[in-house]
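Report on the following structure.
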Amino acid sequence: DQQVKQNSPSLSVQEGRISILNCDYTNSMFDYFLWYKKYPAEGPTFLISISSIKDKNEDGRFTVFLNKSAKHLSLHIVPSQPGDSAVYFCAAMSNSNSGYALNFGKGTSLLVTP
Amino acid sequence: DAMVIQNPRYQVTQFGKPVTLSCSQTLNHNVMYWYQQKSSQAPKLLFHYYDKDFNNEADTPDNFQSRRPNTSFCFLDIRSPGLGDTAMYLCATSRLYQETQYFGPGTRLLVL
């Protein structure tokens, strides 16, 4: 069963505008959330994360918002750039599990057009 | 640069012919992971090592084995690959008690 869901397989945004990528989860034990970015033929690269004790974390153009009551998080990219075109994976973990297994969504393919 | 390296990047094998994928890291991380990612699917954890302590996920097939001879290296052995094992295999590492995992570029395995 998929505990982390990214319901939009793809998203297209114009350069300079905001990109919003969404993620929903079902396991209330998850207490840490990460976003990874993946280019073709490369492994996922860590982008930004958030602990469940926070509702927002910002790093430059990237901001992650967490709504625990809705079991929903989102990644905002402002302004979007063509180099942001990639597949974005949402991942969640529960620190109560040994080894910190990451539960991934299926990814959202972002295309930023000039 | 500190990194996670996977070899080979592409591997073709025949149905039932054993195959070994390798992963090495220069990050000196305690924990190493193997994930399987099938086409259009989410990466799925197969197993992980904390140092030499091996932890198997409950639904990882017995066909998949792993070895970690030292801190830097970890191997994934598929004893009798089936067509359904065609996938990208991702190795990752992390420090103990640190949530962020760092991934290698992956090995794309094709079973014919």
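The values are calculated or read from the model by the stated rules, or taken from the named source; none is laboratory data. Computed from a predicted model, the values in this text were never measured in an experiment. All Cβ positions, glycine included, derive from the backbone under ideal geometry; neighbour counts span all protein chains shown. When the accessible area is computed, the model is the full protein with side chains, heavy atoms only, and any ligands, DNA or RNA have been set aside. Shrake-Rupley method; radii C 1.70, N 1.55, O 1.52, S 1.80 Å.
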Hey, what do the phi angles of segment B:39-47 turn into as Karplus ³J(HN,Hα) couplings, whole Hz, using 6.51/-1.76/1.60 and θ = phi - 60°, x for Gly and Pro? 3, 6, 10, 6, x, 10, 5, 8, 6
The size of the Cβ-based charge dipole (Lys, Arg +1; Asp, Glu -1) of segment A:44-114 about the Cα centre, to the nearest 20 debye, is 200 debye
Which value, in square angstrom to the nearest 100, describes the accessible area buried between chains A and B on both sides, using a 1.4 angstrom probe? 1700 Å²
Shape call, segment A:7-96: gyration tensor on alpha carbons, a/c limit 1.5: prolate
Show the residues, 5+ positions off or on another chain, whose built amide H is closer than 5 Å to the amide H of B:Ser72. none
Calculate, for the protein assembly as shown, the solvent-accessible area per residue in square angstrom, rolling a 1.4 angstrom probe over the heavy atoms of the protein chains. 48 Å²
What do you get for Rg/Rh of chain B when both radii come from the Cα atoms and Rh is the Kirkwood radius? 0.94
From Cα pairs below 8 angstrom and at least 6 apart in sequence, can you work out the relative contact order of chain A, rounded to a whole percent? 37 percent
Alpha-carbon centroid distance for the pair segment B:9-75 / segment A:35-112, whole angstrom: 23 Å
For segment B:32-97, which trypsin sites (Lys or Arg not before Pro) are both in a DSSP coil and crowded by at most 16 other Cβ atoms within 10 Å? B:Lys38, B:Lys52, B:Arg79, B:Arg95
Within segment B:67-112, report the chymotrypsin sites (Phe, Trp or Tyr not before Pro) that DSSP leaves as loop and that have at most 15 other Cβ atoms within 10 Å. B:Tyr97
